[in-house]
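Below is one structure; the comments refer to it alone.
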Amino acid sequence: MTAASALPVLVPSAAGHGVPLIEALQSRGYTIDHCPFLELRPQRDADTRLAIEDLLEGRYAQVVVEGPLSAQLLVEDVLGTGSALPPGLRVVSAGFETTEALRAGGITPTATASDAEASIAQAVGPAGGGAAGDRAAAGPSELLLLGSALLPPTLRTSLERAGHRVTTVVGYRPRTTSLDPQVVRDLRLAGYSAVVLPTTLLASLAGHLGIHRDIRVITVHHEATGAAQAKGLTVHGEAAEPSPWALAAAVDASVRAAVPVTGRP
């Protein structure tokens, strides 16, 4: 397939992440500049170890896993030690790459969601029913939320309002990176055909970069669109569903619909 533009597409996913999206864009003929806006550092501390021990002992009815590093931590601490998840535990995976990491480690999620707060809350459902109508327990349920140190506090609030008692532990910490000056220059001077924003956090960070109006900005879902717009960005496209292939299709459609952009200086 031939790309609609010879200019590269900027993918700001953290190092080691974003591979399915990059491959989906490359299959459409696009050249990719993978320039991480973030560094993701796994975290293992006493709180995390204690929470996973409690998980194995059956304290929790559900665990929400956000981020592939959190998934890897769970896989290593559970299956890597010869243990097993308790029968009946609901595993909710937030994010495509999180789901892939869990499955690669032998854990099949009960439900999947994007990284958007509303999507996670819907996948979890209300305590004792809702989206998981086969749950028989009534009243509050214990829920472990394992994810980024930067998860919005409103997510915990939403889950608590749905009747869950939430324990939050950090699986990894995102840190902003220093961007190559050439990348900053190309963003300001239309050296890219598009910038892809595959998470809400990346969408929020992109608003600080002074992206040229000729560069197409495409997001993974409505929440990411809102985060980008809140930082003053114009969003030109949004994935039909939060998957790498739908996001790549949205990029292609947006670039093809655009007025030709200026060349790389």
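The values are calculated or read from the model by the stated rules, or taken from the named source; none is laboratory data. This one's a predicted model, so the numbers in the text were calculated from it and none came from an experiment. Here the Cβ positions follow ideal geometry from the backbone for every residue, glycine too, while neighbour counts run over all protein chains shown.
Scan the stretch 95-127 residue by residue and report those that are closer than 19 Å to residue 240 by Cβ and not in a helix (DSSP H, G or I).
Within the stretch 95-127, 95, 112, 113, 114, 115, 116 meet the criteria.
Somewhere in the stretch 153-163, is a residue crowded, with 19+ Cβ neighbours inside 10 Å and out of contact with any Pro (no Cβ under 7 Å at 6 or more places or on another chain)?
Yes, because at least one residue in the stretch 153-163 is crowded, with 19+ Cβ neighbours inside 10 Å and out of contact with any Pro (no Cβ under 7 Å at 6 or more places or on another chain).
Just a yes or no: is a residue in the stretch 161-169 part of a loop (DSSP other than H, G, I, E, B) and touching a Ser or Thr at 6+ places or on another chain (Cβ under 9 Å)?
yes
Within the stretch 205-233, track down each residue that is in a loop (DSSP other than H, G, I, E, B), touching a strand residue (DSSP E or B) at 6+ places or on another chain (Cβ under 7 Å) and of a type in the set (D, E, K, R).
Within the stretch 205-233, none qualify.
Run residue 7 past the list (1) touching a strand residue (DSSP E or B) at 6+ places or on another chain (Cβ under 6 Å); (2) closer than 17 Å to residue 214 by Cα and report the number of the one that doesn't hold.
Looking at each condition in turn, residue 7 falls short on (1).
Only one residue in 13, 27 is among the polar types (S, T, N, Q) and buried (at least 21 other Cβ atoms within 10 Å of the Cβ). Which one?
13
Give the residue that is modelled with the highest pLDDT, with candidates limited to residues of the stretch 242-265 that are in contact with a helix residue (DSSP H, G or I) (Cβ under 9 Å, 6 or more places away or on another chain) and charged (D, E, K, R).
Among those residues, the one meeting the criterion is 252.
Identify, by number, the condition in (1) closer than 21 Å to residue 20 by Cβ; (2) out of contact with any Phe, Trp or Tyr (no Cβ under 8 Å at 6 or more places or on another chain) that residue 168 doesn't meet.
Evaluating residue 168 over (1) closer than 21 Å to residue 20 by Cβ; (2) out of contact with any Phe, Trp or Tyr (no Cβ under 8 Å at 6 or more places or on another chain) leaves (1) as the failure.
Filter the stretch 228-257 for residues that are among the acidic types (Asp, Glu) and crowded, with 16+ Cβ neighbours inside 10 Å; which is nearest to residue 100 (Cα to Cα)?
Top of the filtered list is 238.
I'd like to verify a number: residues in the stretch 191-227 that are surrounded by 19 or more Cβ atoms within 10 Å (Cβ to Cβ), more than 20 Å from residue 152 (Cβ to Cβ) and free of Cβ contacts under 8 Å to residues at least 24 places away in the same chain, how many?
1
Checking residue 69 against (1) in contact with a Phe, Trp or Tyr (Cβ under 7 Å, 6 or more places away or on another chain); (2) under 25 Å from residue 163 (Cβ atoms), which single condition isn't satisfied?
If we test residue 69 against (1) in contact with a Phe, Trp or Tyr (Cβ under 7 Å, 6 or more places away or on another chain); (2) under 25 Å from residue 163 (Cβ atoms), just (2) comes out false.
Among the residues of the stretch 61-82, are any of a type in the set (D, E, K, R), exposed (fewer than 13 other Cβ atoms within 10 Å of the Cβ) and in contact (Cβ under 8 Å) with a residue 40 or more places away in the chain?
No - not one qualifying residue is present in the stretch 61-82.
So residue 143 ticks every box in (1) out of contact with any His (no Cβ under 6 Å at 6 or more places or on another chain); (2) at pLDDT 95 or above but one. Which box is left unticked?
All conditions are met except number (1).
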